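First the structure, in the form of structure tokens, and then the observations on it.
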Amino acid sequence: MNILHVGSIANVPQTLCNEWRKLEYYSDVISFEQKENHKIGIDFYYPMDYSIISRIKKLDILAGIIPDYDLVHFHYSTGLPFGLDLPLWKDQQIVMHFHGDDIRGKKVPRMIKKYADFIYVSTPDLLEYASNCKADVLYIPNPIDLDDYKIIGTGVGEEKDTINIVHAPSDRARKGTEWICRAIDRLRGNGFKINFNLVENMNHWDAVKYYKSADIIIDQLLVGWYGMVAIEGMALGKPVCCYIRDDLLDKYDPQVVNINKDNLYENLKSLIQDYDFRREIGMSGRRYVEKYHDSRKVVKMLYR
């Protein structure tokens, strides 16, 4: 079976592609995104804008590539808005993989409902928006290659004089960055020595260097689930703070410190003051990632 991944978001297509190859399947990735921090593993890269001319070029490129594959795995979007191009690929098996605001608060477009053989969502909160489809809708945890993320933990030994806290918002408003900055300022005002790094607009692997040096990683306050920054942080053995909706917390029990704008200050204070607490959360997060996000296990799930 030949598998083509279309799109590039949070390194997910590349990671899945590499795992398929390890299983000796023929797999490639094509990306049209302009801003691309995850170029490793992309076999066909055509950065384009969203103009009509670019969309026509995009379809022409896909028409020359897709016939060589048995299964086409679209990430975030297909060749045209609302899946309007899917009838063109009816000879292939089609996967539609939603990753966030492509589906959150919306409905699955009619053409995707009609033509997709498989529909996946990368976070369980998205399941509620993808209903009444011909295909089964499944939550597929975002994969991570653990060979790239060795356990570092939160440091060894005694309490540190200065705590490194990292927050890497892809969108400040959606991540609740304003509230996080307020909590950091309040902690500093009360005498806590904090080195706070806002990691934005940089290459992915440069950002990972900040995660590796962190004592605490803060993901987000508003969505109700965690993203790739949290997964990478947990994989490194770092304590991760993130808001998890109560219903999802009860069902999936992710190993993060569950925060919101009201309890953020107290939770950060507890983590800063208690090295053992930081270490315990970090190690439980690593075990959680090994169980659910290991790319080898995720691809086996897709295989089934």
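Nothing in this text is a laboratory measurement; each read-out follows from the coordinates by a stated rule. Predicted model only: the values in this text are computed from it and were never measured. A quick note on method: Cβ atoms are made from the backbone with ideal geometry, for glycine too, and the neighbour counts reach across all protein chains shown.
Could you name the lysines in cross-link range of K113, using Cα to Cα under 26 Å and dropping any fewer than eight places away on the same chain?
Within the straight-line limit of under 26 Å, K113 reaches these lysines: K57, K58, K90, K134, K300.
Which one, G189, G233, G100, has the greatest fluctuation when you compute a Gaussian network model over the chain with C-alpha springs under 10 angstrom?
Largest GNM mean-square fluctuation: G189.
Straight-line reach only, C-alpha to C-alpha below 14 angstrom: list the aspartates and glutamates that K212 could link to, leaving out same-chain residues fewer than 8 apart.
The reachable aspartates and glutamates, counting only those whose Cα sits under 14 Å from K212, are D148, E232.
From the phi angles alone, apply the Karplus equation (6.51, -1.76, 1.60; θ = phi - 60°) to the stretch 219-227 and give each ³J(HN,Hα) in whole Hz, x where the residue is Gly or Pro.
Working through the residues one at a time gives 8, 8, 10, 10, 5, x, 8, 9, x Hz.
Between R287, R245, R110, find the one with the highest GNM mean-square fluctuation for the chain; connect C-alpha pairs within less than 10 Å.
R110
Give me a comma-separated list of calculated 3J(HN,Hα) values for the stretch 160-165, in order, Karplus coefficients 6.51, -1.76, 1.60 applied at θ = phi - 60°, integers in Hz, x for any Gly or Pro.
Here the 3J(HN,Hα) series is 8, 5, 10, 9, 8, 10 Hz.
GNM on the chain, C-alpha springs below 10 Å: top fluctuator among I52, I144, I218?
Between I52, I144, I218, it is I52 that shows the largest mean-square fluctuation.
Could you pull the Rg and Dmax for the stretch 147-292, using just the Cα atoms, both in Å?
That works out to 13.9, 40 Å for Rg and Dmax.
Calculate the tail of P(r) for the stretch 2-140: the fraction of all Cα-Cα distances greater than 22 Å, expressed in %. Before the final figure, lay out the partial values.
Details: 3258 of 9591 pairs.
Percentage above 22 Å: 34.
Taking every pair of alpha-carbon atoms in the chain, what share in percent sits in each 20 Å bin, from 0 to the bin with the longest distance?
Final binned percentages: 33, 54, 13, 0.
Can you compute the charge dipole magnitude of the stretch 2-132 about its Cα centre, using +1 on each Lys and Arg Cβ and -1 on each Asp and Glu Cβ, nothing else charged? Give it in debye, rounded to the nearest 20. Don't skip to the end; give the middle numbers.
Numbers: 14 positive and 17 negative charges, 83 e Å.
For the stretch 2-132, the charge dipole is close to 400 debye.
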